[in-house]
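These notes concern the structure reproduced below.
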Amino acid sequence: MRPQKIDDARLIAGLMSVLQSKGFEGASLNDLAQASGLQKASLYHRFPGGKNEIAMMVLRFVYEWIKDNLYLVLTEKDVAPATKLQRAIQHIRQLYHNGDKSCILNALSLDSGLVVLGDEIGKAMQLWIDAFTALGVEEGFTTAQAKAKARQSLILVQGSLVLARGLGDPSHFHKALTDLKLLFANE
């Protein structure tokens, strides 16, 4: 039987969805194969390192997503800070499907995932913080203030996703995005 051809975007979306909902430990190779559209043997062939390799690929995608949709947006020259922030918030809203999806960084940092993936998770979080720090500095905050606000932005968004998921109410996510705008308002 000929191996299935799967589009990379579909593959990553499927794998990330399972990892978001079940975490690193809870995701079985059967779950990952089913979500990816690949047979289990094809999944093993594509990812001989198993779940660790799959999670690393998803984290590389997340890092690139943060770079493209937050860092490059929030550090773009000749664009008003409020416009940049609005674009970044829209990207965040899309990534998390208006608060219906769990935070992938949180899901992968549970249990043994943090041991295996901790450095990559930290790099992705640091890039988020760097992006929002740059925005804060541009808004006129000191570097220390901007960094504190950037860390708070990560806590706001990721924490709201935990609340939205746990309480079955995405309004917590929407409120956090409104609070994110206020966090960087320099009056």
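The listed residues THR178, THR133, once ranked by accessible area (1.4 Å probe) with the largest placed first, stand as THR178, THR133. On a per residue basis, the convex hull of the C-alpha atoms belonging to region 1-106 measures out at 103 Å³. The fraction of accessible area contributed by carbon and sulfur in the chain is 54 percent, rounded to a whole number (1.4 Å probe; ligands and nucleic acids excluded). Using heavy atoms of the protein chains and a probe of 1.4 Å, the accessible area assigned to LEU180 is about 0 Å².
Solvent-accessible surface of protein heavy atoms, probed at 1.4 angstrom with all chains present, puts TYR44, TYR96 in the order TYR44, TYR96, largest first.
Overall, the chain carries a charge dipole of about 360 debye about its Cα centre when +1 sits on the Cβ of Lys and Arg and -1 on the Cβ of Asp and Glu, all other atoms neutral.
Phi-derived couplings, Karplus 6.51 cos²θ - 1.76 cosθ + 1.60 at θ = phi - 60°, listed residue by residue for region 53-65: 5, 4, 4, 5, 5, 5, 5, 5, 4, 4, 4, 5, 5 Hz, with x used for Gly and Pro.
Both radii are taken from the alpha-carbon atoms of the chain; with Rh as the Kirkwood radius, Rg/Rh is 1.02.
Mean-square fluctuations from a GNM of the chain, with a 10 angstrom spring cutoff on Cα atoms, peak among LEU167, LEU19, LEU85 at LEU167. Residues in region 68-76 carry Karplus couplings, in order, of 6, 9, 10, 4, 5, 5, 7, 10, 5 Hz; the curve used is 6.51 cos²θ - 1.76 cosθ + 1.60 with θ = phi - 60°, and Gly or Pro positions show x. Rolling a 1.4 Å probe over the protein chains gives TRP128 an accessible area of about 10 Å².
Per-residue accessible area (protein heavy atoms, 1.4 Å probe) orders ARG10, ARG93 as ARG10, ARG93, starting from the largest. The string of couplings for region 88-103 from the Karplus curve (6.51, -1.76, 1.60, θ = phi - 60°) is 4, 4, 4, 5, 4, 4, 5, 4, 9, 6, 6, x, 7, 9, 7, 6 Hz, one whole number per residue in order, with x for Gly and Pro.
With 32 Å as the limit on Cα-Cα distance, the pairs of LYS101/LYS123; LYS51/LYS175; LYS22/LYS77; LYS84/LYS123; LYS67/LYS175 that go past it are LYS51/LYS175; LYS22/LYS77. Amide H contacts for GLN39 (H built 1.01 Å from N in the peptide plane; partners 5 or more residues away or on another chain; cut-off under 5 Å): GLN4.
Checking the a/c ratio against 1.5 first, then a/b against b/c, what shape does the Cα gyration tensor give for region 89-187? Verdict is oblate for region 89-187.
The values are calculated or read from the model by the stated rules, or taken from the named source; none is laboratory data. These numbers were taken from a predicted model, which means no experiment stands behind them. Every residue, glycine as well, gets a Cβ built from its backbone with ideal geometry; the counts of neighbours run over all protein chains shown. Please note that ligands, DNA and RNA were not included when accessible areas were found on the heavy atoms of the full protein model with its side chains. Shrake-Rupley method; radii C 1.70, N 1.55, O 1.52, S 1.80 Å.
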